[in-house]
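K.L.:
This is the structure, below, for whatever I ask next.
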Amino acid sequence: MKILIDDANIESIKELYAVYPVDGVTTNPTILKKAGRPPYEVLKEIRAFIGYNDLHVQVVGDTPDIMLQEAARIHKELGSYTFIKVPTTPEGLQVMRAIKNAGGRVTATAIYTPMQLFWAAKAGADYAAPYVNRIDNLSGNGIASVQTMQDILENHGFMTKILGASFKNVQQVQALAAYGCAAATVSPDVLHQMLKNDSVTLAVQAFVDDFHSLAGEGRSMADI
Ligand code: G3P
C-alpha cells in the first residue's frame with residue numbers, strides 16, 4: 001500500500017520523509033492555502049525534494065477548458081508525470097478522459113459515493129480518492145463505502161486504484177490497508193499517531209532501564 005503525505009508544508013514533508021518510507025505527496029487548494037505561499041513556489045519545492053515520487057495537484061476551474069489549461073500548466077511546472085486531481089463531477093469526467101487520452105495521469109477526487117468512483121474508473125482515472133472521514137460525517141460509513149468501491153474495481157477489472165483520503169484516525173487507514181486498498185494519503189498528525197503510543201514508549205524504556213542496570217548507566221550494546 002502506498003502511503004502519501006496529505007500536506008504542503010515542506011519542513012513537515014522533509015521530517016516525515018526522514019522517518020517514514022512514504023511514497024509521495026498529495027495537495028488540494030485547502031492544503032495549499034494552509035501552507036500560505038504562492039502555489040507553484042511551494043509545489044516546485046516539494047517536487048524538487050521528492051523527485052519522481054508521486055505528486056498530486058488539484059485543478060479548480062469551473063469548466064473543462066479551464067481545467068485542461070490548468071493541467072497543462074501543472075505539467076509544465078511540475079513534470080508531465082504529476083497526477084492531476086480532478087473533482088468527480090460531470091465537468092471533471094470530461095477532463096479526466098481528455099487527460100488520459102493525451103497520456104497524462106489522473107486522480108479522481110472529492111469522491112463520496114461508489115457510483116462516483118464507478119464513473120471515474122470508466123473515465124480511466126489512475127487513482128480515485130474517496131473521503132473516508134467526510135463520509136462518516138455525513139452519517140455514512142466511510143470504511144464500508146470504500147470497501148464497496150474496492151469491490152467494484154476488482155469485480156469489473158478496472159485498472160483504477162483507490163487512494164483513500166480524509167482520515168481522522170489510524171483505524172480508518174488500517175481498515176483500508178487490511179482490505180487491500182492500493183494507497184492512502186494521510187495528514188502528518190495521523191501519520192505520527194501510527195507509531196507513537198504510550199505502550200510502545202513504556203516497553204522501550206523498560207528494556208533500556210534493564211540494560212543500564214545490567215551494564216551501567218548510559219551504556220549500549222556498542223560500548224560494553
Ligand atoms: O486531499 C483531500 C482530503 O484528504 C481531504 O481531507 O481532512 O479535508 O477531509 P479532509
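K.L.:
Which length gain, in nm to one decimal place, applies between D198 and N101 when the Cα-Cα distance is subtracted from 0.36 nm times their residue separation?
P.N.:
29.9 nm
K.L.:
Give me, ordered by chain and number, the residues 5 or more places off A108 or on other chains with an amide H under 5 Å from its own placed amide H.
P.N.:
Under 5 Å from the amide H of A108 lie the amide H atoms of V86, D126, Y127, A128, A129, each far enough along the sequence or on another chain.
K.L.:
A further question on this structure: For region 86-176, count all C-alpha to C-alpha pairs, find those more than 22 Å apart, and express that count as a whole percent of the total.
P.N.:
The calculated P(r) of region 86-176 puts 22 percent of pairs beyond 22 Å.
K.L.:
So which of K122/K168; K33/K168; K44/K196; K85/K196 end up more than 26 Å apart by C-alpha?
P.N.:
Cα-Cα > 26 Å for K122/K168; K44/K196; K85/K196; rest within.
K.L.:
Can you tell me how region 2-188 classifies by the Cα gyration tensor, rounded, prolate or oblate, using a/c under 1.5 as the rounded cut?
P.N.:
Since a/c reaches 1.5 but b/c is at least a/b, the shape of region 2-188 is classed as oblate.
K.L.:
At 7 Å along Cα-to-Cβ for each site, give me the label-to-label distance between N137 and Q205 in nm.
P.N.:
3.5 nm
K.L.:
So who's got an amide H within less than 5 Å of the one on D54, skipping anything under 5 residues away but keeping other chains? H placed 1.01 Å off N, in plane.
P.N.:
Hits under the 5 Å cutoff: V25.
K.L.:
Pop out the ³J(HN,Hα) list for region 66-72 in order, Karplus 6.51 cos²θ - 1.76 cosθ + 1.60 with θ = phi - 60°, rounded to Hz; leave Gly and Pro as x.
P.N.:
Running phi through 6.51 cos²θ - 1.76 cosθ + 1.60 with θ = phi - 60° gives 5, 4, 5, 5, 4, 4, 5 Hz.
K.L.:
A follow-up question, please. When the chain is treated as a GNM, springs tying every alpha-carbon pair under 10 Å, which of E77, E91, E15 comes out with the largest mean-square fluctuation?
P.N.:
E15
K.L.:
Given the options G142, G164, G103, state which has the largest fluctuation in a GNM of the chain using a 10 Å cut-off (strictly under) for Cα springs.
P.N.:
Largest GNM mean-square fluctuation: G103.
K.L.:
Sticking with this one: Over the chain, what is the relative contact order in percent, taking alpha-carbon pairs closer than 8 angstrom and at least six residues apart?
P.N.:
So the answer I get is 16 percent.
K.L.:
Right, next: Expected output is a single nm value to one decimal: the length gained when fully extending between V170 and E91, i.e. 0.36 nm times separation in residues minus the C-alpha distance. What is it?
P.N.:
Extra length from V170 to E91 when fully extended: 25.1 nm.
K.L.:
Are there chymotrypsin sites (Phe, Trp or Tyr not before Pro) in region 42-111 that DSSP puts in a loop and that have at most 16 other Cβ atoms within 10 Å, and which ones?
P.N.:
For chymotrypsin sites (Phe, Trp or Tyr not before Pro) across region 42-111 that sit outside H, G, I, E and B with at most 16 neighbouring Cβ atoms in 10 Å, the list reads Y52, Y81.
K.L.:
Rounded to the nearest 0.05, what FRET efficiency is calculated for Q69 and R37 with R0 set to 22 Å and r the Cβ-Cβ distance?
P.N.:
0.50
K.L.:
Give me K85, K14 ranked fewest to most by other Cβ atoms within 10 Å of their Cβ, as a rough exposure proxy.
P.N.:
Ascending number of Cβ neighbours within 10 Å: K14, K85.
K.L.:
Same structure again: So what is the 222 nm mean residue ellipticity for the chain from helices alone, if each DSSP H run of at least 4 adds -39500 (n - 2.57) and you divide by all residues, rounding to the nearest 500 deg cm²/dmol?
P.N.:
-16000 deg cm²/dmol
K.L.:
While we're on this one: May I ask you to evaluate 6.51 cos²θ - 1.76 cosθ + 1.60, the Karplus curve with θ = phi - 60°, for each residue of region 25-36 and list the ³J(HN,Hα) values in order in whole Hz, giving x for glycine and proline?
P.N.:
The phi angles translate into 9, 10, 9, 8, x, 5, 5, 5, 4, 4, 5, x Hz.
Since every read-out is calculated from the coordinates, none of them should be taken as a lab result. This one's a predicted model, so the numbers in the text were calculated from it and none came from an experiment. We place every Cβ from the backbone using ideal geometry, glycine too, and count neighbours over all the protein chains shown.
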